[in-house]
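For reference, the structure discussed in these notes is given below.
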Amino acid sequence: MLSFIARRLGLLIPTFFGVTLLTFALIRLIPGDPVEVMMGERRVDPEMHAEAMHRLGLDKPLPAQYLDYITKLAQGDLGESLRTREGVWEEFLTLFPATLELSLAALLFAGTLGVIAGVIAALKRGSLFDHGVMGVSLAGYSMPIFWWGLLLIMFFSVYLGWTPVSGRIDLLYDIEPKTGFMLIDTLLSEEEGAFKDALMHLILPAIVLGTIPLAVIARMTRSAMLEVLREDYIRTARAKGLSPARVVFVHGLRNALIPVLTVFGLQVGTLLAGAVLTETIFSWPGIGKWLIEAIGARDYPVVQNGILLIACLVILVNFVVDILYGLVNPRIRHQR
Amino acid sequence: MTQSNAVPAADQALLYPSPLKEFWQAFAHNKGAVGGLLFMLVIVFCALFAPWVAPFDPSEQFRDALLTPPSWLEGGQARFPLGTDELGRDLLSRLIHGARLSLMIGLASVLMSLIPGILMGLVAGFFPRLLGPSIMRLMDIMLALPSLLLAVAIVAILGPGLINTVIAIAIVSLPSYVRLTRAAVMGELGRDYVTAARLAGAGLPRLMFITVLPNCMAPLIVQATLSFSSAILDAAALGFLGLGVQPPTPEWGTMLASARDYIERAWWVVSLPGLTILLSVLAINLMGDGLRDALDPKLKNAQ
Amino acid sequence: MSLLDIRNLSVRFGAPDAIPVVDGLDLSVDKGEVLAIVGESGSGKSVTMMALMGLIDAPGIVRADSLRFDGHDMLTLKGRQRRKVVGKDLAMVFQDPMTALNPSYTVGFQIEEVLRQHLGIKGKAARVRALQLLERVEIPGAASRLDAYPHQLSGGMSQRVAIAMAIAAEPKLLIADEPTTALDVTIQAQIMDLLLDLQRSEGMGLVLITHDLAVVAETAQHVCVMYAGQAVEIGSVPTLFDAPTHPYTEALLKAIPEHSLGAERLATLPGIVPGRYDRPVGCLLSPRCPYAQPHCREQRPALEPHVRGAVRCFYPLNLTAEVA
């Protein structure tokens, strides 16, 4: 198992350097003069211009600039935001738990519902339920989620008045961010009603963000389950006199989950991209909203290293999924 | 199962359907795909003849009729079938002109990624030692970023706008074409007909484009369809984020973004553009499913 | 009373009037008896036993006058009651061991599962028992194999595990569906010996589905020869080998290499088993039968008992032969 992890880790390093190259290039590719763009004004005084070029290290040859960039990254220096003068890394750390909480809630929603719907659809293949699941999941897969979010707000928040429209918690509550997860922090704060309020704030964004993964997971579970149920070892399990539930869940689902898990991993990318949209719709203070605002404000250090951090996150999650994949699938683990 | 012995064996050779007919039969077998095709034909018709189909100019403002509800609702006016937006522009006309824009973005970005994608994939497949690995690593890196985020990053550099939206989406969908083409090429290169062509003295360009490429087209066509739909979706998302096509151009996503403020008063300005996006994307995805079933013999009989 | 008693079993797939894969089959197995079912691929051997185990799903249709096992009516037995019999008193070993074991679980888990389900043995006791079972099926280094995954085992080893799983709950009847076909020739004899050894020491009934007549001659007490879903001859060993009464049995025997020593080439039966659309009107074997008469092509013979067994032929062979 350790050598398996080491092998996967080895594959990670070139990808990481590739991504740094990409984000490095990002800033250099901005059309026009970088200093003018960053200062947001035209015709900068030549002396100041040269000084800025030097301060930013832009007067050196490109390989040296890249080396500077990598060295700074290695030292944990991700630069600071032009707007807030705060470190990019610190800003990321404060905002990331919000995105993580939202993403986990979305995955929980998509994973449980998707697997259950997929399994039932496979077991009742050709039934009305099966057709329903497939139809809904195709629609979910084609869903513009920014519109879906607006629709849900329109119905649940505006029309029914059940859920709040935006943010993570009502302004009435003053919650100390201990873990960064609003659900946990509200529980710790012992403020009455705070947990419920946080939960109500979370539900709609989580559903919106989970919609596409839900559709993909339901489809994948169904087809994987159909395939697994035809396998010989399912017949063996039945011949052992095991209960249908045990045959389906212990012997069937376990094997069907292997491809589903891969898809699950691929959905993390979708999820982070979706988080950009979802957080914008629901004013959810996470890294997606942060990034879009930074782009709007031409806050290039945040844009550059925010993207780098998100890319690393995706790479990291895919790595973890790879390891998990090895855990559920013994055949992969033992490959040379 | 029909009884095949009803037809004399000698006549069967004459009954081979043309590839086009065979394809159509397989495609028409999938009802969802045909439905998607019909819907898309309507959209394409609207897009092509937008100035004649649309009742009004998309930017014409009727100051006396701001946020008019659709005609079937109380307060609706017959001249605005789907109502008007916050500036009194006819929603139906804007949607019809928006179709033009969305299809154009989709088509342009597919072409802009398909052609370089195929070329790079062919090169990567034909030179598995020299150029292949470096091209594939580059694609891996591009895939490390979720497509919408990469598009956002590209637009962040290039600045918002129609052309930059197309460029960003084209770049984002490049890796899938490269990977697909390369995989297909690698699969075909080992086949005997390629060896035969080599022995017959076919040069590299002929080998690439005449011998191998046609046999790799099926998955590429399917992928092109699917990335057409995701192009429309991504373009709308960029528009919604304010990074895509800028107002007052009637782009579906941009329309949604400006409609957000009227969510409590005018459901139609929010619902209708999104519904149009959903239906178009759904229709294209249904077509894509049908195409895959009809074109890809490997997947044809799976399930 | 016999352990297993099948009367007029038929299995169809699809429409109720579809051509049966198994057609009017009668079988019986006594306690501790070895019955061999012999026939070409597609003759309905496996389907018969799958029907008994309750492994035929819709659109398959199973019908029988009687399908009794150990006092249970297996046709009507449902759910929990059936599961108390299947896997416990009635167990099955399948053809391809490489796909018959679940790739996600260890060998030990898959054996212990049976012990827990049918004998209520759990935890440590189950592990000890599983180890004993692995030793019983002669797996070298049994203790280390408990935690192995199926893909780490060879075919022969997997089949031993499958056998250990099947005998875990001490069944009264074990069905072995071509247990050696998927294995290397060198392993085949070992697995066969193991099965017979187990059968004798545990006193189980054994139904051996095979197309290897040489194996049958050495192991079985009774034989049922199947052709195109029907039993064509039922008899006992060794008389059936000395004096086959059905032309098909005779052809099968002639095709055994040992029987044709000295002959220039191995005897074969021309043609193939009839499929869905080319079933003859008369005797199903008639297009391939060297003894076929015009009468054979017009009418189907019934399975008729005779002194030494039963045969489905208008013109049985060797009926009057002197058999020791």
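The values are calculated or read from the model by the stated rules, or taken from the named source; none is laboratory data. The model shown is predicted, which means the values in this text are computed figures rather than measured ones. So basically every Cβ, Gly included, is an ideal-geometry build from the backbone, and we count neighbours across all protein chains shown.
Taking the range C:267-278 as the range and being at negative phi and away from chain B (no Cβ under 14 Å) as the test, the residues that pass are C:ALA267, C:THR268, C:LEU269, C:PRO270, C:ILE272, C:VAL273, C:PRO274.
Summed over the range B:194-239, the residues that are at pLDDT below 90 and among the aromatic types (Phe, Trp, Tyr) give a count of 1. For the range C:195-212, the tally of residues that are crowded, with 22+ Cβ neighbours inside 10 Å and more than 15 Å from C:GLY32 (Cα to Cα) stands at 2. Residue count for the range A:283-324 satisfying the condition of being assigned to a helix (DSSP H, G or I) and in contact with a Lys or Arg (Cβ under 9 Å, 6 or more places away or on another chain): 6. Considering every residue within the range C:152-162, establish whether at least one is within 8 Å of another protein chain (Cβ to nearest Cβ), under 30 Å from C:ASP57 (Cβ atoms), at pLDDT 90 or above and out of contact with any Gly (no Cβ under 6 Å at 6 or more places or on another chain). So far as the range C:152-162 goes, yes, one or more of its residues are within 8 Å of another protein chain (Cβ to nearest Cβ), under 30 Å from C:ASP57 (Cβ atoms), at pLDDT 90 or above and out of contact with any Gly (no Cβ under 6 Å at 6 or more places or on another chain).
Looking only at residues in the range A:236-250 that are closer than 21 Å to C:PRO97 by Cα and not in a helix (DSSP H, G or I), the one that is nearest to the other protein chains (Cβ to nearest Cβ) is A:GLY241.
In the condition set (1) buried (at least 21 other Cβ atoms within 10 Å of the Cβ); (2) more than 7 Å from every other protein chain (Cβ to nearest Cβ); (3) small (Gly, Ala, Ser), A:SER283 is compliant with all but (1). When the range A:59-95 is filtered for residues that are in a helix (DSSP H, G or I) and either touching a strand residue (DSSP E or B) at 6+ places or on another chain (Cβ under 8 Å) or closer than 15 Å to A:GLU293 by Cβ (or both), the ones remaining, listed by number, are A:VAL88, A:GLU91, A:PHE92, A:THR94, A:LEU95.
Remark: A:LEU102 falls outside the filter, which requires a residue to be farther than 26 Å from A:LEU266 by Cα, in contact (Cβ under 8 Å) with a residue 60 or more places away in the chain and either of a type outside the set (D, E, K, R) or in a helix (DSSP H, G or I) (or both). For the range C:118-139, the count of residues that are modelled with pLDDT of 90 or more and either under 19 Å from the mean Cα position of the chain (by Cα) or within 11 Å of another protein chain (Cβ to nearest Cβ) (or both) is nonzero.
Of the listed requirements (1) touching a Pro at 6+ places or on another chain (Cβ under 8 Å); (2) under 30 Å from A:LEU229 (Cα atoms), A:LEU108 misses just one: (1). Given the structure, is B:ALA257 among the aliphatic types (A, V, I, L, M), in contact (Cβ under 8 Å) with a residue 60 or more places away in the chain, touching a helix residue (DSSP H, G or I) at 6+ places or on another chain (Cβ under 6 Å) and outside any loop (DSSP other than H, G, I, E, B)? Criteria not met by B:ALA257. Go through the range A:210-235 and report how many residues are among the basic types (Lys, Arg), within 13 Å of chain C (Cβ to nearest Cβ) and either farther than 21 Å from A:ASP130 by Cα or under 29 Å from the mean Cα position of the chain (by Cα) (or both). Residues in the range A:210-235 being among the basic types (Lys, Arg), within 13 Å of chain C (Cβ to nearest Cβ) and either farther than 21 Å from A:ASP130 by Cα or under 29 Å from the mean Cα position of the chain (by Cα) (or both): 1 in total. Quick check: anything in the range B:234-257 more than 25 Å from A:LYS289 (Cα to Cα) and within 13 Å of chain A (Cβ to nearest Cβ)? The answer is no, given that none of the residues of the range B:234-257 is more than 25 Å from A:LYS289 (Cα to Cα) and within 13 Å of chain A (Cβ to nearest Cβ).
Counting the residues of the range B:258-277 that are crowded, with 21+ Cβ neighbours inside 10 Å and facing another protein chain (nearest Cβ under 9 Å) gives 6. Scanning the range A:153-163 for residues that are in contact (Cβ under 8 Å) with a residue 40 or more places away in the chain and away from chain B (no Cβ under 11 Å) gives A:PHE156, A:THR163. When B:SER102, B:SER147 are screened for being under 25 Å from A:ILE292 (Cβ atoms), within 20 Å of the chain's Cα centre (by Cα) and at pLDDT 85 or above, only B:SER102 passes.
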